[in-house]
Amino acid sequence: MRLTARDVSFTYPRGDHQVLSGVTFDIPDGASAAIIGPSGSGKTTLLSLMGHLLPLQSGTIQAVDADGTDHTLADTASWVLQTVSLLPDRTAADNVMVGAYSDGANRADARARARDYLAQVGLAGREDEPARILSGGEAQRVAIARAMASHRPIILADEPTGQLDTTTSATVLEAMIGAHGQRTVVIVTHDPAVAQRCDLVLELRDGRIVDHAGARV
Ligand SMILES: Nc1ncnc2c1ncn2[C@@H]1O[C@H](COP(=O)(O)OP(=O)(O)OP(=O)(O)O)[C@@H](O)[C@H]1O
Ligand SMILES: [Mg+2]
């Protein structure tokens, strides 16, 4: 799915300033894009508008498939939120299976996907541990595996590697974006190494896109 944003502006209802101003970009089908910028520059707000967690006020955001048909991201994207939430009393595998079930997978398929995606994020052998005993970085990786298990064509991830060391971060990034062309991935990040690995870098400053440096697509 290609992602397009056209002239997106946003002000929080009780906010005192415009958080996003005329944001426009294209992310090609199957590409990975990093959204970077200082704290408060509007990264999470932009991702929330893309994922329908906030209502658009002006402009358009669309996913366009190979036939040129427009889709809403509500039906085509899965999320990794900045604040990870898992079902604490269920196992790591159960949490990932939730993603697979949202795609209509049966129990056996969901279980297989859980094993596969947990291994891809470096959690092989941890399937049956309850989520509540996982570390912050492990929980974050379960949330990433859950998003991948949904097999949706778009992943929107807010600081998905924020709590991970360099090696684990690279492993997780490969799992998310390594199979180029499989899915379109948008990653909000403060980590230059993550941005470097993405096909495209969108830099926000005071709610405006200022730089397309690093574009390799
Ligand atoms: N619910 C809200 N109501 C009013 N203002 C908000 C709300 N949420 C965020 N803001 C403001 O919008 C601006 C952008 O916030 P946003 O969370 O998008 O930044 P960010 O780039 O994701 O920052 P960080 O890197 O710290 O996560 C900030 O000035 C913030 O104070
Ligand atoms: Mg944020």
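Every read-out reported here was derived from the displayed coordinates using simple, explicitly stated rules and does not represent laboratory data. These numbers were taken from a predicted model, which means no experiment stands behind them. Glycine gets a Cβ as well: all are built from the backbone with ideal geometry, and neighbour counts include every protein chain shown.
Charges on Cβ only, +1 for Lys and Arg, -1 for Asp and Glu, centred on the Cα centroid of the range 2-214; of Gln182, Gly122, Leu3, which one is farthest towards the dipole's positive end?
The residue sitting most towards the positive pole is Gly122.
Taking H as built 1.01 Å from N, whose amide H comes closer than 5 Å to the amide H of Ile209, not counting residues under 5 places away?
Here the answer is Thr24, since their amide H atoms fall under 5 Å of that of Ile209.
In whole percent, what relative contact order does the chain give with Cα contacts below 8 Å and a gap of six or more residues?
29 percent
With just the Cα atoms of the chain, tell me how far they stretch along each of the three principal axes, in Å, largest first.
Sorted from largest, the Cα extents of the chain read 46, 37, 37 Å.
In whole Hz, what ³J(HN,Hα) sequence does the range 23-40 give by Karplus (6.51, -1.76, 1.60; θ = phi - 60°), x for Gly and Pro?
Running phi through 6.51 cos²θ - 1.76 cosθ + 1.60 with θ = phi - 60° gives 6, 9, 6, 10, 10, x, 4, x, 8, 10, 10, 9, 9, 10, x, x, 4, x Hz.
Tell me, what HN-Hα J-couplings in whole Hz come from the Karplus equation 6.51 cos²θ - 1.76 cosθ + 1.60 at θ = phi - 60° for each residue of the range 185-192, using x for Gly and Pro?
10, 10, 10, 7, 8, 9, 8, x
Please give the peptides 19-28, 128-137, 185-194 ranked by average Cβ packing (other Cβ atoms within 10 Å per residue), highest first, as a rough proxy for protection.
For the peptides 19-28, 128-137, 185-194, the packing ranking is 185-194, 19-28, 128-137.
Count charges around Arg111 for me, please; just the other residues with Cβ under 14 Å from its Cβ, Lys/Arg as +1, Asp/Glu as -1.
Value of the local net charge: -1.
Scan around Ser78 for amide H atoms under 5 Å from its own, H built in the peptide plane at 1.01 Å from N, and keep only partners 5 or more places away or cross-chain.
Hits under the 5 Å cutoff: Ile154, Ile155, Leu156.
Counting only other residues whose beta carbon sits under 12 Å from that of Ala170, what net charge do I get with K and R as +1, D and E as -1?
Once positives and negatives cancel, what remains is -2.
Taking the Cα centre of the chain as origin, sum charge times position over the Cβ atoms of Lys and Arg (+1) and Asp and Glu (-1), and report the length of that vector in debye to the nearest 20.
For the chain, the charge dipole is close to 180 debye.
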